[in-house]
Amino acid sequence: MSWIKKARLLIAPSLPQCLFCGKRGRPSSGLPGICVSCHTGIPWIRCPRCQTCGRHVGCPDCSRSREPVPIRCNRSAVAYTSEMRELLGQYKYRGNERLAPILGLMLDKAYTILQQEQSEQQIATLQSNSSRRPFSAAKPNYSLIHPALWQADLLVPVPVSSARLAERGFNQAEQLADVLSLRRGIPQLPLLIRTRHTGKQSFKSRSERLADMKQVFAGNTEQKLLQRLGGHLESIAARLQNRPLQIIIIDDIYTTGSTMRACAEALHRLIGDLGYAAEIYSLTWARS
Ligand SMILES: [Zn+2]
Ligand SMILES: [Zn+2]
């Protein structure tokens, strides 16, 4: 390094090091710890093309099958581009856990989109219901004047196998759910367990993956956990008089949706066994 460069480095106000690219750069205002250039490069999914799985491009998977799905819809924060794959790799496989709060913050943006969409749907349903009823001036419909913002009651992370957990040291879905849980005040409970370790999914065909996934997840029936769930259900009993329990399953990435569907089925069984009806959604950091 030339002495001029060295001198310049000494004089220049030191810029923070970006958590994504590792270079020193002007910090973005949108995501703490991320430089402006990385922030502008994020492939956000603001308007999903597929309303079911939240994909940013046309989606043959969802239009192909007309069978009922256990999940209302999926929303993801970003498209899984090569840059995002690299970023997830840094976090998941190279253990850069400092990225967890940022990725969680990005996931929170997908929650905002889901919340807006669901709130709009709620209002549309209320309006169509009230227009069918005969007009009554004496009894205005307060739910139309002050529509409540849609909110989830519970977050459930996709579990990883104990082998993965031992190797990686953390469950990425749980870390992401933690960020959302703190920001939104929605409890996070590990209501699912993985009953067996699946081989590398990327080498398998779609039908092989689907068959594989069927038996992988089960409800977590640990006594202490079910007590915590019971306590939470009691605390929101008033809400649940008018609607089912609204649960969001959290994961880092949505690929074919087979993991999410299998998780949702197991969760429906667990919640059903407790005598409740559930409406299940999913949120992931990336959509491939
Ligand atoms: Zn950067
Ligand atoms: Zn789709």
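The values are calculated or read from the model by the stated rules, or taken from the named source; none is laboratory data. Computed from a predicted structure; not experimentally measured. As a convention, Cβ positions derive from the backbone with ideal geometry for all residues, glycine included, and neighbour counts pool all protein chains shown. These accessible areas exclude ligands, DNA and RNA; they are computed on the full protein's heavy atoms, side chains included. Shrake-Rupley method; radii C 1.70, N 1.55, O 1.52, S 1.80 Å.
Could you order Glu174, Glu234 so the one with the most accessible surface comes first? Probe is 1.4 Å.
Glu234, Glu174
Over the stretch 11-105, what is the mean sequence separation of C-alpha contacts under 8 Å (at least six apart), divided by residue count, expressed as relative contact order in percent?
20
Equivalent-ellipsoid semi-axes (√(5λ), Cα gyration tensor) for the stretch 13-88, whole Å, largest first?
35, 11, 9
Enter the Cα centre distance for the pair the stretch 36-68 and the stretch 230-288, rounded to the nearest angstrom.
20
For the chain, what % of the accessible area comes from carbon and sulfur atoms, probe 1.4 Å?
Carbon-and-sulfur percentage of accessible area, whole number: 54.
At a threshold of 8 angstrom on Cα-Cα distance, excluding pairs fewer than six apart, so keeping six or more, what relative contact order does the chain reach in percent?
Taking the mean separation of contacting Cα pairs over the length of the chain, I get 21 percent.
Running a GNM on the chain with Cα contacts under 10 Å, which residue among Arg55, Arg26, Arg194 ends up with the highest mean-square fluctuation?
It is Arg26.
Under a crude label model (7 Å from the Cα following the beta-carbon direction), how far is Asp61 from Thr221 in nanometres?
Inter-label distance under the simple model: 3.1 nm.
Given the chain reduced to its alpha-carbon atoms as identical point scatterers, what log10 I(q)/I(0) does the Debye formula return at q = 0.08, 0.12, 0.17 Å⁻¹?
Values returned for q = 0.08, 0.12, 0.17 Å⁻¹ are -0.41, -0.84, -1.49.
At 222 nm, what value in deg cm²/dmol follows for the chain if DSSP H runs of at least 4 each add -39500 (n - 2.57) and the sum is divided by all its residues, to the nearest 500?
Roughly -13000 deg cm²/dmol at 222 nm, from the helical runs in the chain.
Quote the relative contact order of the stretch 159-266 in percent (integer), defining contacts as alpha-carbon pairs under 8 Å separated by 6+ residues.
33
Report the number of Lys pairs in the chain whose alpha-carbons are under 17 Å apart, with separation of 8 or more residues or on distinct chains. Show your work: numbers first, answer last.
Values: Lys5/Lys23; Lys6/Lys23; Lys92/Lys200; Lys200/Lys214; Lys204/Lys214.
Lysine pair count for the chain: 5.
Using a Gaussian network model of the chain whose springs link C-alpha atoms within less than 10 Å, name the residue from Asp251, Asp212, Asp153 with the highest mean-square fluctuation.
Asp212
Using only the alpha-carbon atoms, how far is helix 100-132 inclined from the longest principal axis of the chain? Give it as 0 to 90 degrees, nearest 10.
Approximately 30 degrees, to the nearest ten.
With label points built 7 Å along Cα→Cβ from the Cα atoms of Arg98 and Glu86, find their separation and express it in nm.
About 1.8 nm separates the two model spin labels.
What does the accessible area per residue of the chain come to in Å², with a 1.4 Å probe and no ligands, DNA or RNA counted?
56
Compute the long axis of helix 223-235 from its Cα atoms, compare it with the longest principal axis of the Cα atoms of the chain, and write down the angle in degrees, 0 to 90, nearest 10.
It is inclined by approximately 70 degrees.
Once the Cα atoms of helix 82-92 and of the chain are each reduced to a long axis, what angle between those two axes, in degrees from 0 to 90 to the nearest 10, is obtained?
Once rounded, the angle reads 90 degrees.
Of the peptides 77-86, 155-164, 112-121, how do they stack up when ordered by the mean number of other Cβ atoms within 10 Å, highest first?
155-164, 77-86, 112-121
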